[in-house]
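Below: the structure, in structure tokens.
Where a number appears in this text, it was derived from the coordinates with a stated rule and is not lab data. Predicted model, so just to flag it, every value in this text is computed and none were measured. Here the Cβ is made from the backbone with ideal geometry for all residues, glycine too, and neighbour counts use every protein chain on show.
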Amino acid sequence: MKKLALISVSDKTKIIDFAGDLIKNGYEIIATGNTAKLLKENNIAVKEISLLTGFPEIFGGRVKTLHPKIFGGILFRRDNDSDIKQAEQNSISPIDIVCVNLYPFVKTISNPNSTLEEIIENIDIGGPSLVRASAKNYRYVSILTNPDQYESFLSELNSGEISESTRKKLAVEAFSHTSNYDTHIANYLEKRFDEPSSYFRINEKLNYALRYGENPHQSASVYGSFDKYFEVFHGKEISYNNILDLVSAVELCEDLGETSCTIIKHNNPAGAATANSNLEAYKLALKCDPVSSFGGIVAFNREVDAETAEELNKIFLEIVCAPSFSNEALDLLKKKKDRRLVLKKKNILSDAKSYRSIPGGVLVQDSDTISLNESELKFVTDKKPSLSELDDLKFSWKIAKHTKSNAIVYVKNKTTLGVGAGQMSRIDSAKIAVMKAKEHGLDLTGSVAASDAFFPFADGLLEIIKCGAVSVIQPGGSVRDQEVIDAANKSNISMVFTGIRHFKH
């Protein structure tokens with residue numbers, strides 16, 4: 001009985017050599033229109049599917065492979081007497097190798113000029129059906145969905161035959177391939193047609209494995225397209241914790257805008273500043289907590305120059321990230337062989353959903369991308385903040401947003417002076433922020449403070465007032481708001497309510 005291989009590929013990478021090697025191994029090639037045309041042009045013997053089925057491609061190519069002679073040839077069980085008999089009665093030949101990849105739906109939706117009609121036409125129908133049928137019948141059929149599979153497959157085929165373990169592996173990859181494809185279609189159409197989803201779907205391809213996770217006993221991997229946003233071009237392999245801190249540093253830096261620098265340690269700001277230059281911003285950010293900044297992750301919004309690089313080299317840093325580096329800066333920074341240098345290729349702040357796994361499911365929420373609308377701020381005290389104080393309040397509010405709750409942040413001249421993060425009580429966060437500032441010789445007199453949530457009692461505010469802060473920004477909304485406002489008025493400080501809470505658990 002003749003051996004048949006079906007080829008129908010959108011991505012025609014390496015397909016000519018692949019088809020040629022199949023012929024050398026005794027296979028007859030059948031293919032759909034455009035694939036057959038390409039093979040013929042390259043002197044590869046091929047039979048168009050329409051000649052096998054006796055039925056033409058119709059509806060502009062929408063129906064090509066959906067025919068019993070094709071799906072029967074893939075799906076019939078080679079060791080089942082009834083299947084064999086029915087195949088003979090209907091002149092169905094077995095198809096043992098299927099090579100299919102799908103219409104470029106993802107590429108099409110990525111093009112802002114694509115019309116809805118073009119997008120719909122790039123939803124493959126026959127391709128996924130062929131892939132799933134072949135994978136279902138993996139005991140007899142090999143299904144290839146990616147040009148990267150060709151070389152190892154041919155190597156095994158040339159040595160004799162394809163093992164069942166290889167066919168199993170190919171089948172799993174095939175179902176993963178169609179699952180990912182369908183995820184992109186469903187996600188796109190829900191958004192395009194403004195239809196709510198009844199399912200949580202995330203289906204990303206393995207990018208690379210990490211050495212370990214949060215701790216050495218935990219395995220970890222990166223999935224998706226992380227490398228579209230960041231390029232690690234120097235230093236040791238990036239770690240799981242590095243990635244979490246890198247994302248935090250860059251998100252905060254983008255939120256601050258202008259010429260800003262952020263230093264992150266264990267997912268919390270160890271320092272942040274906005275200034276006239278990277279060098280000035282870094283020096284100011286470092287002053288906030290130089291001890292915690294040791295081994296931290298530093299991010300910039302502007303190109304790193306040689307002056308800044310010289311300063312960065314003075315302490316140990318895990319990562320330096322920026323949208324660009326001058327050649328002189330790179331010469332200096334690369335002297336530290338293990339420190340990772342990361343290029344930020346595109347902005348990462350977006351309105352995408354955020355996810356957390358829980359037992360039996362997933363928590364899904366909107367990302368916290370809301371920004372302050374100055375016209376909606378409530379100036380609730382007798383004293384009002386000055387313009388410079390208001391700028392610092394807005395700056396401190398952004399820092400608090402990126403700090404683990406409970407969060408208290410002191411700021412002056414768009415520079416963090418003290419950060420209290422992740423405490424069980426707000427008053428403890430206030431005390432820790434003051435303690436950290438004093439440890440590093442920073443004077444909080446004339447500073448402003450931000451709280452990520454309301455003060456349940458006046459004691460937290462009084463702790464802030466004691467250190468010399470002159471203005472406070474907080475959401476408001478406590479049943480004791482008036483008590484807190486009265487305490488602010490008694491101490492003659494200004495206070496602003498935002499109406500927005502920024503818990504970060």
Problem - Loop-resident sites, the stretch 306-415, for trypsin sites (Lys or Arg not before Pro), counting at most 13 other Cβ within 10 Å (DSSP) - result: Lys314, Lys335, Lys337, Lys345, Lys346
Handout entry: Residues in the stretch 485-505 that a label on Phe457 would reach, taking backbone N under 18 Å of a point 7 Å out along Cα→Cβ
Key = 485-488
Completion exercise
Shape descriptors of the stretch 227-344 over alpha-carbon atoms, Rg and Dmax in angstrom, are 12.3, 33
Fill in the blank from the handout: Treating only Lys and Arg (+1) and Asp and Glu (-1) as charged, each at its beta carbon, one finds that the chain has a dipole about its Cα centre, in Debye to the nearest 20, of 680 debye
Fill in the blank from the handout: Final fewest-first order of Leu442, Leu66, Leu393 on the 10 Å Cβ neighbour count is Leu66, Leu442, Leu393
Handout entry: Amide H contacts under 5 Å for Ile473, placed H, 5+ residues apart
Key = Ala449, Ala450, Ser451, Val496
Handout entry: Point-charge dipole on Cβ atoms (K/R +1, D/E -1) for the stretch 353-438, about Cα centre, debye to 20
Key = 320 debye
Exercise for the section: Grab the beta carbon distance between Val63 and Gln86, set R0 = 22 Å, and tell me the FRET efficiency rounded to 0.05. Expected result: 0.40
Exercise for the section: Select from the chain the helices, each a whole stretch of DSSP H, whose alpha-carbon atoms run 18 Å or more along the helix axis and whose Kyte-Doolittle mean is at least -1.0; answer none if there are none. Expected result: 240-256, 387-401, 426-439
Exercise for the section: Quick one: which residues, 5 or more positions from Cys99 or on another chain, have an amide H under 5 Å from its amide H? H modelled 1.01 Å from N in the peptide plane, none for Pro or chain starts. Expected result: Leu6, Ile7, Ser8, Leu144
Handout entry: In order through the stretch 316-331: 3J(HN,Hα) via Karplus (6.51 cos²θ - 1.76 cosθ + 1.60), integer Hz, x for Gly, Pro
Key = 6, 10, 6, 9, 10, 10, 7, x, 6, 9, 5, 4, 5, 5, 5, 4
Problem - At most 13 other Cβ within 10 Å, DSSP loop - GluC sites (Glu not before Pro), the stretch 218-303 - result: Glu237, Glu258, Glu303
Handout entry: In the stretch 8-92, chymotrypsin sites (Phe, Trp or Tyr not before Pro) in a DSSP loop with at most 15 other beta-carbon atoms within 10 Å
Key = Phe59
Practice task
Report the one residue of Leu284, Phe226, Phe294 whose Cα lies farthest in the direction of the positive end of the charge dipole of the stretch 219-301 (charges on C-beta: Lys and Arg +1, Asp and Glu -1; origin at the Cα centre).
Solution key: Phe294
Practice task
For the stretch 347-354, take each phi angle, set θ = phi - 60°, evaluate the Karplus expression 6.51 cos²θ - 1.76 cosθ + 1.60, and give the result in whole Hz per residue in order, putting x for glycine and proline.
Solution key: 5, 10, 5, 7, 8, 4, 5, 10
Exercise for the section: Between beta-carbons, use under 13 Å as the cut-off and find the net charge around Asn489, counting Lys and Arg +1, Asp and Glu -1. Expected result: -1
Exercise for the section: Determine the alpha carbon to alpha carbon distance for each of Lys404/Lys431; Lys14/Lys64; Lys314/Lys466; Lys378/Lys436; Lys431/Lys490; Lys205/Lys398 and list only those over 27 Å. Expected result: Lys314/Lys466; Lys378/Lys436; Lys205/Lys398
Completion exercise
Sorted by chain and then number, the residues having a modelled amide H within less than 5 Å of the amide H of Gly418, at least 5 places away or on another chain, are Tyr410
Exercise for the section: Using the Cα centre as the reference, give the magnitude of the dipole from point charges on the C-beta atoms of the stretch 252-387 (Lys, Arg: +1; Asp, Glu: -1; all else neutral), rounded to the nearest 20 debye. Expected result: 480 debye
Practice task
Could you sort 100-111, 159-170 so that the peptide with the highest average Cβ count within 10 Å comes first and the rest follow in order?
Solution key: 100-111, 159-170
Handout entry: Cα radius of gyration and Dmax for the chain (Å)
Key = 30.6, 97
Fill in the blank from the handout: Per the stretch 38-98, sqrt(5λ) over the Cα gyration tensor eigenvalues, sorted largest first, in Å, gives 25, 15, 9
Practice task
Specify which residue in the list His217, Ser163, Val106 is farthest towards the positive end of the charge dipole of the chain, using unit charges on the beta carbon of Lys, Arg (+1) and Asp, Glu (-1), about the Cα centre.
Solution key: Ser163
Fill in the blank from the handout: For the chain, the charge dipole (Cβ of Lys, Arg +1; Cβ of Asp, Glu -1; about the Cα centre) points to a positive end, and the Cα of Thr498, Ala31, Val479 closest to that extreme belongs to Ala31
